[in-house]
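Some notes on the structure that comes next.
The values are calculated or read from the model by the stated rules, or taken from the named source; none is laboratory data. Please read all numbers here as calculations on a predicted model, not as lab measurements. Glycine also receives a Cβ, built like all others from the backbone with ideal geometry; neighbour counts cover every protein chain displayed.
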Amino acid sequence: MTLSLATLLPGLFLTALGLLLVLNLPVVISTLRGLPRSPAATLLLFGGGMLWFLARVATMSEADRIFGSSNVPWVIGFAAIGVLSFKYAPDFLAVRGLCVLILLAAMPLLQAAFMEYDHPQRLLLVTLVYAAIATAIYLAAAPYRLRDFFQWLFASPARARAAGGALLVLGILLNVVAFTY
């Protein structure tokens with residue numbers, strides 16, 4: 001992945017999310033409020049995160065394995081844990097799936113910015129990615145905090161619009177920076 005693409009993709013995502021929050025549409029508010037315990041979001045986010053993680057485990061090198069000569073037992077073991085999570089730990093599984101996706105997406109973004117010292121503007125992307133990583137780790141440990149955040153955010157329409165405006169400006173800034181490399 002090129003540094004331009006690695007900067008443009010999060011920029012487009014933040015722009016879209018910011019625009020949705022600025023518009024303050026009832027369908028967006030209800031979707032975000034219901035996200036932490038939504039079965040559809042759980043299937044999409046946790047299922048997608050589980051498949052991406054299993055793909056990474058299936059292709060890991062011999063140096064990454066602690067023991068064993070094949071990746072198959074690791075894939076089977078992690079797949080079993082993932083499937084059992086749907087049954088035995090369904091609360092806030094969508095939030096944990098979102099955290100998994102953020103953590104997995106961070107690696108290619110950071111790899112694209114690695115050793116690009118000629119482009120100091122890459123630090124905007126890197127800072128945002130590390131902030132997302134810290135947030136994902138926190139929310140994976142305390143997923144109910146995302147529900148609490150959405151309750152606080154949507155308690156006042158001005159808060160959602162302000163947060164959306166900030167995300168929109170940040171996304172546009174990332175989009176502009178993506179074309180300066």
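For residues that are closer than 16 Å to A178 by Cβ and either surrounded by fewer than 18 Cβ atoms within 10 Å (Cβ to Cβ) or in contact with a His (Cβ under 7 Å, 6 or more places away or on another chain) (or both), tally how many sit in the range 94-110.
2
Select from the range 133-142 the residues that are of a type outside the set (S, T, N, Q) and in a helix (DSSP H, G or I) and list them in ascending order.
Within the range 133-142, I133, A134, A136, I137, Y138, L139, A140, A141 meet the criteria.
Scan the range 56-71 and report the pairs whose first residue is surrounded by 12 or more Cβ atoms within 10 Å (Cβ to Cβ) and whose second residue is among the charged types (D, E, K, R) and part of a loop (DSSP other than H, G, I, E, B), with Cβ atoms within less than 8 Å and a gap of 6+ or a chain change.
N71/R65
Say we look at the range 120-132 and pick out the residues that are in a helix (DSSP H, G or I) and not hydrophobic (A, V, I, L, M, F, W, C); which of these is surrounded by the fewest Cβ atoms within 10 Å (Cβ to Cβ)?
T127
With respect to T135, determine if the residue is modelled with pLDDT of 95 or more, closer than 29 Å to T31 by Cβ and either surrounded by fewer than 13 Cβ atoms within 10 Å (Cβ to Cβ) or more than 14 Å from the chain's Cα centre (by Cα) (or both).
The answer is no for T135.
Look through V27, V75 and report the one residue that is of a type outside the set (D, E, K, R), touching a helix residue (DSSP H, G or I) at 6+ places or on another chain (Cβ under 8 Å) and over 18 Å from M107 (Cβ atoms).
V75
When the residues of the range 16-44 are filtered to those that are under 14 Å from L168 (Cα atoms) and surrounded by fewer than 20 Cβ atoms within 10 Å (Cβ to Cβ), which remaining residue is modelled with the lowest pLDDT? Before you say what the answer is, go through the steps one by one.
As a first pass, look at the range 16-44 and keep what is under 14 Å from L168 (Cα atoms): 16-24.
Applying the additional criterion that residues be surrounded by fewer than 20 Cβ atoms within 10 Å (Cβ to Cβ) yields 16-17, 19-20, 22-24.
On the way: A16: 97, L17: 97, L19: 97, L20: 96, V22: 96, L23: 95, N24: 90.
My answer is N24.
Taking the condition farther than 25 Å from V22 by Cα, buried (at least 17 other Cβ atoms within 10 Å of the Cβ) and at pLDDT 95 or above, does A160 pass?
Numbers: farther than 25 Å from V22 by Cα: no; buried (at least 17 other Cβ atoms within 10 Å of the Cβ): yes; at pLDDT 95 or above: yes.
Judged against the criteria, A160 is not a match.
Please name all residue pairs, on different chains or six or more residues apart, with Cβ atoms under 7 Å, provided the first residue is in the range 24-38 and is closer than 14 Å to S156 by Cα and the second residue is of a type outside the set (K, R) and surrounded by 14 or more Cβ atoms within 10 Å (Cβ to Cβ).
As it stands, the answer is N24/A160; I29/F154; R33/F150; R33/F154, since those pairs meet every condition given.
Of the residues that sit in the range 105-119 and are part of a helix (DSSP H, G or I) and of a type in the set (A, V, I, L, M, F, W, C), which one is nearest to A40 (Cα to Cα)?
A105
Please go through the range 134-181 and pick out each residue that is out of contact with any helix residue (DSSP H, G or I) (no Cβ under 8 Å at 6 or more places or on another chain) and within 28 Å of V100 (Cβ to Cβ).
A134, A141, A142, D148, F149
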